[in-house]
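Working notes, structure below.
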Amino acid sequence: MHGVNHMTIPIRKFDTLVIGAGGGGLRAALQLAQADANVAVVSKVFPTRSHTVAAQGGMNAALANVLPDNWHWHMYDTVKGGDFLGDQDAIEYMCHAAPRLVVELEHIGVPFSRLDNGKIYQRPFGGQSQNFGGAQAARTCAAADRTGHAILHALYQQNIRAKTHFFDEYFAIDLIKDDEGYILGALVLEIETGEPLIIQAKTTLIATGGAGQLFRTNTNARINTGDGMAMALRAGIPVQDMEFFQFHPTGIAGKGMLISEAVRGEGGYLVNGNGERFMERYAPNAKDLASRDVVSRAVATEIHEGRGCGVNKDHILLKVDHLGSEVIRKRLPGIRDMVMTFLNIDPIDAPIPIFPTAHYTMGGIPTNRFGQVVVPQQQGAEEPVPGLYAVGECACVSVHGANRLGGNSLLDIVVFGRAAGNHIIEYLKENRYSRVASQCSIDAAVAHLARWDQRGSPMGSGASSETVDGLRNELKAIMDHYCGVFRTEDVLRAGLDKMLKIEQRLQNVYLRDHSKVFNTARIEAFELENLVELALATVASALARRESRGAHMRMDHPQRDDVKWLKHSLFFKGGMLDYKPVRMKPLTVEGFSPKPRVY
Ligand SMILES: Cc1cc2nc3c(=O)[nH]c(=O)nc-3n(C[C@H](O)[C@H](O)[C@H](O)COP(=O)(O)OP(=O)(O)OC[C@H]3O[C@@H](n4cnc5c(N)ncnc54)[C@H](O)[C@@H]3O)c2cc1C
């Protein structure tokens with residue numbers, strides 16, 4: 001496509017545009033389609049390839065099928081797991097809704113694993129307790145170790161039945177708005193043909209998932225480049241709490257793929273090079289099922305202090321062979337497959353080498369519990385951005401605070417996908433007529449699209465040595481090295497300098513001769529731009545926060561500081577940082593005040 005002329009860009013109109021077909025986007029779309037709204041879902045990959053499909057371990061709900069439980073204990077664990085940074089109204093709402101939504105998923109076709117008495121099976125997961133910090137709970141509902149797969153396929157099928165309109169393999173570039181700031185859909189690109197399309201809608205929901213591709217060693221799909229968060233930044237909306245990135249303790253050593261916490265939930269445990277069960281030292285009660293930030297730091301510390309396993313002492317072993325072949329085959333078949341494929345080890349016979357790996361983006365687009373995107377106003381107040389919603393890993397509602405508990409994300413996407421769907425239905429009743437998109441917002445989106453269109457290298461001259469691949473690999477290496485599990489002022493500052501240079505060098509990237517450029521190369525250039533925005537947000541927010549809380553560990557400020565830092569950070573495009581209070585007041589129960597966090 002040469003020279004985009006927006007006069008010729010076709011326009012399609014819908015009630016709602018959902019950007020992203022993972023569990024969050026599809027749950028919202030289903031709610032809307034069932035209420036007869038005209039819904040478009042765009043996804044850069046075929047919907048059932050969204051990262052939700054990879055979720056292994058399960059989804060939390062206090063069903064009490066295995067051990068005593070109730071939603072209030074679940075709420076406590078979530079607040080504590082997030083190191084008191086989570087917004088307690090949203091956490092109460094989520095934990096309270098969970099049991100009903102698991103049953104609802106079962107009714108639309110999710111084949112949850114069963115107990116002998118026929119009830120839904122539940123396994124213990126990290127950070128779960130009975131009675132506000134007492135004995136281990138068993139709260140995670142699972143379809144073997146393929147829970148996300150089961151949920152995503154059921155939601156997709158139900159959407160097909162409800163006549164949701166899918167735009168498969170379309171890439172969203174930028175939001176468009178009207179002169180009053182109402183968000184009215186997005187400019188998208190059909191990946192196969194390279195043709196642009198404006199999808200205009202009365203409401204827009206961003207559900208584009210996380211940004212695990214910020215790091216070299218990660219558990220995420222190649223597509224998890226945080227596009228929606230970067231789109232929000234370009235539309236003038238800040239991203240919240242980006243310094244909190246979850247490192248999962250058990251990635252396959254040297255590769256990064258996830259070995260689910262379900263393995264420890266089923267009884268697996270970690271041993272160091274001396275054969276010691278070291279988690280007993282770091283978390284005397286919860287041991288291997290302490291919260292993920294705690295276990296990741298313990299693993300990194302053991303290796304750092306010379307107690308790693310293997311000839312290079314560079315990993316830890318996850319012992320599972322004692323569980324027996326029957327448990328492994330029945331409850332962890334997918335993980336066994338993966339370990340056999342990537343390590344040529346059968347976990348029935350031998351332990352699995354692991355190392356911490358970047359896993360989950362706690363930060364994201366700030367929203368309230370209805371999924372409305374909210375931005376700060378004068379005097380600390382917040383206002384919704386009219387017509388704009390966000391749910392799932394791209395959003396920060398914030399139920400996960402400074403550290404997410406395993407099994408709470410599948411819950412998050414289903415709960416807030418549904419809530420956003422319901423809120424949009426009400427919004428559509430009150431806003432029946434289409435608004436007119438502002439020419440200047442369309443022009444800006446089209447100019448952004450054209451930027452990479454015109455970036456073919458001048459014929460024959462090898463004008464620049466910068467490539468998308470090269471810069472992306474450097475970015476990821478910088479993030480691994482300068483913004484990993486353990487952080488300090490000096491290292492973060494050096495990381496920020498390096499990232500600012502990467503941002504500049506992005507201007508020197510040229511795509512190869514146009515006639516030979518596949519659209520996928522252009523898509524990767526857009527994704528790299530998005531990663532650069534988010535890497536800057538992550539490092540700058542981490543540099544500013546001089547305390548240790550949840551996943552953000554500052555060696556130079558090792559304590560949590562509730563006096564100065566019990567607040568959410570907001571990063572704006574261009575580098576400005578602002579802060580806003582944590583919502584400490586739940587809806588119906590008393591709030592949980594910060595106290596020391598031990599497991
Ligand atoms: C390996 C792994 C295992 C996990 N296991 C668990 C678990 O057991 N329990 C749990 O609770 N959580 C788990 N999680 C986390 C959880 O799965 C995710 O947080 C959640 O599924 C995210 O859902 P989502 O709908 O927000 O986004 P995703 O499922 O990531 O979907 C994002 C969608 O956005 C689309 N998209 C993105 N950018 C664009 C663009 N520019 N244009 C068009 N479309 C776009 C993509 O095509 C995709 O459809 C796991 C995560 C991983 C990586």
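Explain nothing, just the number: dipole magnitude of the range 455-581 about its Cα centre with +1 on each Lys and Arg Cβ and -1 on each Asp and Glu Cβ, in debye rounded to the nearest 20.
220
With θ set to phi - 60° and the Karplus curve 6.51 cos²θ - 1.76 cosθ + 1.60, what are the ³J(HN,Hα) couplings of the range 535-545 in order, to the nearest whole Hz, using x for Gly and Pro?
5, 4, 4, 5, 5, 5, 5, 5, 5, 6, 7
In the full protein assembly as shown, how much of TRP565 is accessible to a 1.4 Å probe, in Å² to the nearest 10?
30
Restrict the search to the range 99-163; then list the chymotrypsin sites (Phe, Trp or Tyr not before Pro) that DSSP places in a loop and that have at most 13 other Cβ atoms within 10 Å of their Cβ.
Those that pass, being in a loop and sparsely packed, are PHE132.
Which distance in Å, rounded to a whole number, links the C-alpha centroids of the range 278-311 and the range 555-570?
23
Amide H to amide H, which residues 5 or more places from HIS315 or on other chains are under 5 Å from it, using H placed in the peptide plane?
CYS309
Based on the Cβ-Cβ distance from THR520 to LYS255, what FRET efficiency comes out when R0 is 25 Å, to the nearest 0.05?
0.60
Could you tell me the center-to-center distance, by alpha carbons, between the range 72-94 and the range 385-461 in angstrom?
For the range 72-94 versus the range 385-461, the Cα centre distance is 25 Å.
Test of the criteria: in the range 343-450, which chymotrypsin sites (Phe, Trp or Tyr not before Pro) are in a DSSP loop and have at most 15 other Cβ atoms within 10 angstrom of their Cβ?
Listed in order of number, the matching sites are TYR433.
Between the helical axis of 147-161 and the dominant principal axis of the chain, each derived from Cα atoms, what acute angle in degrees is found, rounded to the nearest 10?
40
Determine the percent antiparallel among the DSSP beta bridges restricted to the chain, to the nearest 5.
65
I need the calculated FRET efficiency for the pair ALA350 and ASN285, taking r as the beta carbon distance and R₀ as 22 Å, to the nearest 0.05.
Calculated value: 0.15.
Roughly how many percent of the accessible protein surface of the chain is carbon and sulfur, given a 1.4 Å probe and a whole-percent answer?
That share works out to 51 percent.
Along Cα→Cβ, 7 Å out, is where each label goes; now give me the distance between the ones at VAL598 and LYS13 in nm to one decimal.
Output for this residue pair reads 6.4 nm.
What accessible area, in Å² to the nearest ten, does a 1.4 Å probe give for HIS149?
80
Can you list the residues of the range 153-176 with backbone N under 20 Å from a point 7 Å past the Cα of PHE572, pointing along Cα to Cβ?
175-176
Roughly how many nanometres apart are two label points built 7 Å out from the Cα toward the Cβ at GLU195 and THR588?
5.2
Obtain the nm distance between the two label points defined at MET340 and ARG100 by a simple spin-label model: each point lies 7 Å from its Cα along the Cα-to-C-beta direction.
The two pseudo-label positions are separated by 4.3 nm.
With +1 on the Cβ of every Lys and Arg and -1 on the Cβ of every Asp and Glu, and nothing else charged, how large is the dipole of the chain about its Cα centre, in debye rounded to the nearest 20?
For the chain, the charge dipole is close to 560 debye.
Just how much of PHE526 is accessible, in Å², when a 1.4 Å probe is used and the result is rounded to the nearest 10?
About 0 Å², rounded to the nearest 10.
Please calculate how many Å² of accessible area the chain carries per residue, with a 1.4 Å probe and no DNA, RNA or ligand atoms counted.
38
The values are calculated or read from the model by the stated rules, or taken from the named source; none is laboratory data. Given the structure is predicted, the values throughout are model-derived calculations rather than measurements. Cβ: placed from backbone, ideal geometry, glycine included. Neighbour counts: every protein chain shown. The area values use the complete protein model at the heavy-atom level, side chains included, leaving out ligands, DNA and RNA. Shrake-Rupley method; radii C 1.70, N 1.55, O 1.52, S 1.80 Å.
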